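Any read-out appearing in this document is the output of simple, stated calculations on the displayed coordinates, not a laboratory observation. Model, not experiment: these values are computed from the prediction. So basically every Cβ, Gly included, is an ideal-geometry build from the backbone, and we count neighbours across all protein chains shown.
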Amino acid sequence: LPLQNPLAAELVQAVISEKVGIIVTAAGNPATYTRKLKEAGITVFHVIASVKHAIGAEKHGVDGVIAEGYEAGGHNGLDELPTFVLVPQVADAVKIPVVAAGGIADARGVVAALALGADGVQMGTRFVATTECIAHPHFKEAVVKADDTSTVITGRKIGPTRILKNPVAAKILEMEANGASAEELISYIGLENRSRAGELEGDMITGEAYCGAVAGIINQVQNVSEVIRSIVDNFDKVVATLK
Ligand SMILES: Cc1cc2nc3c(=O)[nH]c(=O)nc-3n(C[C@H](O)[C@H](O)[C@H](O)COP(=O)(O)O)c2cc1C
């Protein structure tokens, strides 16, 4: 639930009326709705990208934080801290559970995240390339084809967002290099419209698609169960290579 969304208050009310058990809040101040959600018996995890925000979220009563590094697909923190340095510092700073996100797509990533002090992981880009995901097949195909340099951070002036490189990404970067204003960038990107075109309608030329840098290690579209099974099956093997 993006807390800066103009419909946040209505969404919170809907979550409470529908008796949703657990909710992830992001992009906004956890002070606003955490107490209300907790009073309704809902477990609240909040996405953060810095130690300061993790401590703030803990203070406002969230049950856990999702520490998301700037490898992650989609919106990123302003300080662009990578998962590898963010997670251990957050784990040291708070007592509540820490979920690591950004750059994790297989058992190696899960083992690394736990070694860094995380209690669990959140994966986004890996699940785009699953049969169950509502992403357009063109988007899934692009994730599978992507290599280590296929994504880029755009929109630093209006909110850093990691997307697949394509003509839209190139245009945004060019506008930024030429000093475009926030209004000009927002007007070109059209906020939700280009994401919808890229991610759900499969227009990989004039649409944009949120995608993590980890796409380079995702080589096939799989069922969600295959993704999870592979992580569970390989977890001990990865740990064994460390001994
Ligand atoms: C296509 C896509 C859409 C996403 N949409 C949201 C969103 O609406 N809200 C949110 O908090 N995070 C969103 N994320 C971020 C994920 O929840 C997750 O934290 C992130 O993908 C983890 O990094 P990874 O992409 O390296 O796995 C999105 C990620 C992707 C790839």
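Couple of notes before you dig in:
- Per residue, the convex hull around the alpha carbon atoms of the chain comes to 135 Å³.
- Rg/Rh (Cα only; Kirkwood hydrodynamic radius) as it applies to region 155-195: 0.90
- Residue order, fewest to most surrounding Cβ atoms within 10 angstrom, among Thr154, Thr206: Thr206, Thr154
- Diffusion coefficient (Stokes-Einstein, Kirkwood radius over C-alpha pairs, 10 °C, 1.306 mPa s) for region 108-154: 127 µm²/s, rounded to a whole number.
- Note: relative contact order over region 123-201, using C-alpha pairs below 8 Å and six or more positions apart, is 28 percent.
- Of Glu132, Glu208, the sequence from fewest to most neighbouring Cβ atoms within 10 angstrom is Glu132, Glu208.
- Annotation: the residues Leu116, Leu7, sorted from fewest to most other C-beta atoms within 10 Å of their own C-beta, follow the order Leu7, Leu116.
- Added length on full extension, which subtracts the Cα-Cα distance from 0.36 nm per residue, His138 to Arg229: 30.2 nm
- DSSP bridge pairs, the chain: antiparallel proportion in percent, nearest 5: 30 percent
- For the pair Val24 and Ala93 in one chain, pulling the backbone fully straight at 0.36 nm per residue adds 22.8 nm over the alpha carbon distance.
- Convex hull of Cα atoms in region 1-75, direction-averaged projection (nm²): 4.7 nm²
- Filtered trypsin sites (Lys or Arg not before Pro), region 123-201: DSSP coil and at most 12 other beta carbons within 10 Å: none
- Subtracting the Cα-Cα distance of Ala115 and Arg156 from their residue separation scaled by 0.36 nm leaves 11.7 nm.
- Averaging the sequence gap over all C-alpha pairs within less than 8 Å and six or more residues apart, then dividing by the number of residues, gives the chain a relative contact order of 17 percent.
- Under a Gaussian network description of the chain, with springs only between Cα atoms under 10 Å, the residue in Ser17, Ser230, Ser181 that fluctuates furthest is Ser17.
- Spread of Cα-to-Cα distances over 10 Å intervals beginning at zero, given as percent, for region 49-183: 12, 36, 33, 18, 1
- Kirkwood hydrodynamic radius over Cα pairs of region 69-145, then Stokes diffusion coefficient at 10 °C and 1.306 mPa s, in µm²/s: 119 µm²/s
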